[in-house]
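Visitor: Below is a structure I'd like to ask you about.
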Amino acid sequence: MSKVFIYPTNSLILSDLVERFGHNPLAIMSKIREKITTIGVDSPPLNITPKEPEMGLKYAAVEVPAGVRGRMALVGPLIDDAEAAIIVRDATIAFGCMGCARTNELTKFLVRKKDIPILEVEYPDSDEDGQEFVYRIADFLKSLPTGADTQ
Amino acid sequence: MMTDELQNEDTITKIVVISSDSILPADAAMRVYESETSITIKETCFGTMVTGPQDVVERVVEELRSLDRNHIFVKERGFSPGDERRCRASRGGGPRPGFHFLREEVNMLPMIGSALDAYDAHVPLEKKGGRTEKLGISTLMNIIESEL
Amino acid sequence: MTQDDQVIIALVSCGSEYAGIQPELEAAASRLNAKLVYPEMDVSILDTIGMEFGLEVASPDLKLMMARAKAVVDGVARVDGVFVGTCFRCAEAAIVRNEVRRYIFQNSGLPVISYSFTERTTAATLLTRLEALTTIAKRKHLLGRERQTGLTAGVDSGSTTTKAVVMRDNEIIGEGWVPTIKVIDSADKALQQALDQAGVQQDELQAIGTTGYGRFLIGEHYNAQLEQEEITVNSKGAVFLADCQKGHATVIDIGGMDNKAISVEDGIPGMFTMGGICAGASGRFLEMTSKRLGVEITELGDLAVKGMQDKVDMNSYCIVFGIQSLVNSLAKGSSPEDVAAAACHSVVEQIFEQQLQEIEVKEPLILVGGSSLIAGVPKAMGDMLNIDVLVPPHSQMIGAVGAALLVSGYVEE
């Protein structure tokens, strides 16, 4: 089982496909859950405090806006953990964690800089495209190591 | 990691989106009610949210998936349903941020589902025509000149 | 307070939840009995909103800001005021923020404030701005007062100096001015000076109003009837002293630590900005300049009007670098007059670049705050904007005067 980073980080389709083909999706939702269930922090809605933009300094310099660094505090550790990644380009409009274009650029850049298997595809807009989209993702996921080798 | 251990025991929520001709969301909900007591489920416009202990949720979700494997999709959700911090009612309006994108993706699910069916059936990938390329400069020049 | 008093503020922002400042915003709002809401809107509008505004931005959350602004203007979301916020240093967001603020203000008439935040933005910083917003939204009647009545005092506890005035029947009869050291002690001293000059006892005062950074502390100390932020109070004081209570006016207040630029209509603030990236754009820089030149701050202005700012290269964007260029030019043989003129010009330039871009400057332009007394400052501002700058009498006292004026509304009650 490989840890597969997905972009868009909150994608239902990617998260589902990764799991469906036997791997572990690294998605933003689990990070959000981790944040909002952290005991002793009360900073609604996301429990993000000024600590997160500070943690984000690991991924972006101080002149990068606080909102980018705060988002990177969530998404950065997922990239660090990634053993493979699927990037879907020209994603349709997404908000919140995916709402900042600068964060999204940085996210994709950091993934591409890593020496891991990466598949880049585009969101489909026809049945034909959909088939190719799914086939390529499925083949990619099947090519990744499974079983106990990553544990 | 300490937090990971805590998380494992924690409650999780998965959203199950049913894009099936044979299974209705209500059928799925009934199935869950019959099988488990330690979880709560909530039907939304885009699917069914299943909340409970992680292992139970995983089991239920797997069971739901098996109802129509290629046409039922699942992802985790950070917040539990109705979490005051994110709930539309207590935030004074406006859909939560994940809603818009989920709506877009749900519209693609029939396409993804039939592609998965084809993949399972080893239907070879149909090679489609190449993408339309931008007009070359010389071609454009020729067109302009022919118009003059 | 009842539910009816609650002020509903639309939160039109990008990044606030991720910058870690959302709780600070909520804390400031709840202290003012205000509720922050995300304006409800039609999701489908997100596909077209960029083109509707003519602003094709890459960040979806900025499109969401435009869609929410439209919901406010169209009345889909019923709110009393709007807070527009984006991350500091985000260029894309700054473009949207300015347009959204202008769009809402011009099309809805609702009070709007905008702010660019960092992770260090605190509730205290936001409080003054939100307090002004809620006052304008829900307590406009308070700001309608044009004449001071009875015997009242106003105390303005500023970051650098504390000012007090005693007023009787629309006249200033005593004033006090001391540097702020210990907030309460300094307020007592300033008030005592004003009382002595007026020849009245503190217990004769019918009401006391407080404003400035220390307003809550000294308000409690005096059991004040009014503790009000300095944006609305200063606008009121400025139009009162300048005798411009009707029609448009622009108030620029150069304080000891920050500046305010307020666009006023019939004495009520419309658009306003408050800030200054660094004290380089404030009275503090002028104070340091006079120290370095070995003159009293009161002499700096006369020195400045004799000098030529063009002869000295100075930009006080940062107070440390500003002082450095001051030292350098003196070392190169510049005259104290030229340096003083350059310092005044530099402060005004900062205000022009950082604040006046965000509000519409309409005449008369009323310059207030301690720095307005430094003759070089109004001169530099007049030169830069090519308009006559009005410095009303007692211009350093506007906060105290505004507080004494507004609190007289409580005398009759």
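Visitor: Which residues, taken from the range C:299-324, are within 18 Å of C:Ile351 (Cβ to Cβ) and free of Cβ contacts under 8 Å to residues at least 24 places away in the same chain?
Guide: Across the range C:299-324, there are no qualifying residues.
Visitor: Could you count how many residues in the range A:43-75 are surrounded by fewer than 20 Cβ atoms within 10 Å (Cβ to Cβ) and over 20 Å from C:Phe117 (Cβ atoms)?
Guide: 1
Per-residue answers, yes or no, for (1) surrounded by fewer than 17 Cβ atoms within 10 Å (Cβ to Cβ); (2) assigned by TED's automatic domain parsing to the domain that holds C:Asn259; (3) at pLDDT 85 or above; (4) over 20 Å from C:Ala375 (Cα atoms):
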site	(1), (2), (3), (4)
C:Arg284	no, yes, no, no
C:Glu287	no, yes, yes, no
C:Lys291	yes, yes, yes, no
C:Gly294	yes, yes, yes, no
C:Ala304	no, yes, yes, no
C:Lys311	yes, yes, no, no
C:Ser316	no, yes, no, no
C:Ser325	no, yes, no, yes
C:Ala331	yes, yes, yes, yes
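Visitor: Here is a check on your reading of the model: is A:Ile86 touching a Phe, Trp or Tyr at 6+ places or on another chain (Cβ under 9 Å), at pLDDT 95 or above and part of a loop (DSSP other than H, G, I, E, B)?
Guide: So A:Ile86 fails the test.
Visitor: So C:Asp266 ticks every box in (1) more than 19 Å from C:Leu142 (Cα to Cα); (2) surrounded by fewer than 24 Cβ atoms within 10 Å (Cβ to Cβ) but one. Which box is left unticked?
Guide: The one condition C:Asp266 does not meet is (1).
Visitor: Does B:Ile23 qualify as being touching a Gly at 6+ places or on another chain (Cβ under 8 Å) and at pLDDT 80 or above? First the steps, then the outcome.
Guide: Values: touching a Gly at 6+ places or on another chain (Cβ under 8 Å): no; at pLDDT 80 or above: yes.
Considered against the rule, which asks whether it is touching a Gly at 6+ places or on another chain (Cβ under 8 Å) and at pLDDT 80 or above, B:Ile23 comes out as no.
Visitor: Conditions: (1) on the phi < 0 side of the Ramachandran plot; (2) modelled with pLDDT under 95. C:His394 meets all but one. Number of the miss?
Guide: Exception for C:His394: condition (1).
Visitor: Quick one: which strands (runs of 3 or more DSSP E) sit completely within the range B:6-75 and have at least 1 residues that are farther than 20 Å from A:Asp16 by Cβ, touching a residue at least 60 places away in the same chain (Cβ under 8 Å) and within 11 Å of another protein chain (Cβ to nearest Cβ)?
Guide: Once the strands (runs of 3 or more DSSP E) in the range B:6-75 are filtered for at least 1 residues that are farther than 20 Å from A:Asp16 by Cβ, touching a residue at least 60 places away in the same chain (Cβ under 8 Å) and within 11 Å of another protein chain (Cβ to nearest Cβ), what remains is B:11-18.
Visitor: Next up: Starting from residues that are aliphatic (A, V, I, L, M) and touching an Asp or Glu at 6+ places or on another chain (Cβ under 7 Å), keep the ones in the range C:10-41 and report whichever is farthest from A:Glu63 (Cα to Cα).
Guide: Checked the range C:10-41; the qualifying residue farthest from A:Glu63 (Cα to Cα) is C:Leu32.
Visitor: Yes or no: A:Ile48 under 21 Å from B:Ser80 (Cβ atoms), part of a loop (DSSP other than H, G, I, E, B), within 12 Å of chain C (Cβ to nearest Cβ) and in contact with a Lys or Arg (Cβ under 8 Å, 6 or more places away or on another chain)?
Guide: yes
Visitor: Looking only at residues that are under 24 Å from A:Gly70 (Cα atoms) and polar (S, T, N, Q) in the range C:98-143, which one is surrounded by the most Cβ atoms within 10 Å (Cβ to Cβ)?
Guide: Looking at the filtered set, the residue picked out is C:Ser114.
Visitor: Identify, by number, the condition in (1) buried (at least 24 other Cβ atoms within 10 Å of the Cβ); (2) within 14 Å of C:Thr128 (Cβ to Cβ) that C:Val239 doesn't meet.
Guide: All conditions pass for C:Val239, except number (2).
Visitor: Answer with yes or no whether A:Arg102 is modelled with pLDDT of 90 or more, more than 14 Å from the chain's Cα centre (by Cα) and either closer than 28 Å to B:Ser114 by Cα or buried (at least 20 other Cβ atoms within 10 Å of the Cβ) (or both). Steps first, answer last, please.
Guide: Values: modelled with pLDDT of 90 or more: yes; more than 14 Å from the chain's Cα centre (by Cα): yes; either closer than 28 Å to B:Ser114 by Cα or buried (at least 20 other Cβ atoms within 10 Å of the Cβ) (or both): yes.
It is true that A:Arg102 is modelled with pLDDT of 90 or more, more than 14 Å from the chain's Cα centre (by Cα) and either closer than 28 Å to B:Ser114 by Cα or buried (at least 20 other Cβ atoms within 10 Å of the Cβ) (or both).
Visitor: Suppose the filter is buried (at least 24 other Cβ atoms within 10 Å of the Cβ), β-branched (Val, Ile, Thr) and in contact (Cβ under 8 Å) with a residue 60 or more places away in the chain; does A:Ile28 pass it?
Guide: yes
Visitor: Looking at this structure, is C:Pro378 touching a Leu at 6+ places or on another chain (Cβ under 7 Å), free of Cβ contacts under 8 Å to residues at least 40 places away in the same chain and either closer than 13 Å to C:His345 by Cα or buried (at least 19 other Cβ atoms within 10 Å of the Cβ) (or both)?
Guide: In short, yes.
Visitor: Here is a list: A:Ala66, A:Ala84. Which entry is in contact (Cβ under 8 Å) with a residue 60 or more places away in the chain and either within 14 Å of chain C (Cβ to nearest Cβ) or not β-branched (Val, Ile, Thr) (or both)?
Guide: A:Ala84
Visitor: Which members of the range A:1-29 meet the condition of being of a type in the set (Ser, Thr, Tyr), within 18 Å of B:Glu62 (Cβ to Cβ) and assigned to a loop (DSSP other than H, G, I, E, B)?
Guide: none
Visitor: Which of the residues belonging to the range C:373-413 are in contact with a Cys (Cβ under 6 Å, 6 or more places away or on another chain) and not in a helix (DSSP H, G or I)?
Guide: Within the range C:373-413, none qualify.
The values are calculated or read from the model by the stated rules, or taken from the named source; none is laboratory data. Here the structure is a predicted model, which is why all the values come from computation and not from measurement. Note: ideal-geometry Cβ built from the backbone for every residue, glycine included; neighbour counts use all protein chains shown.
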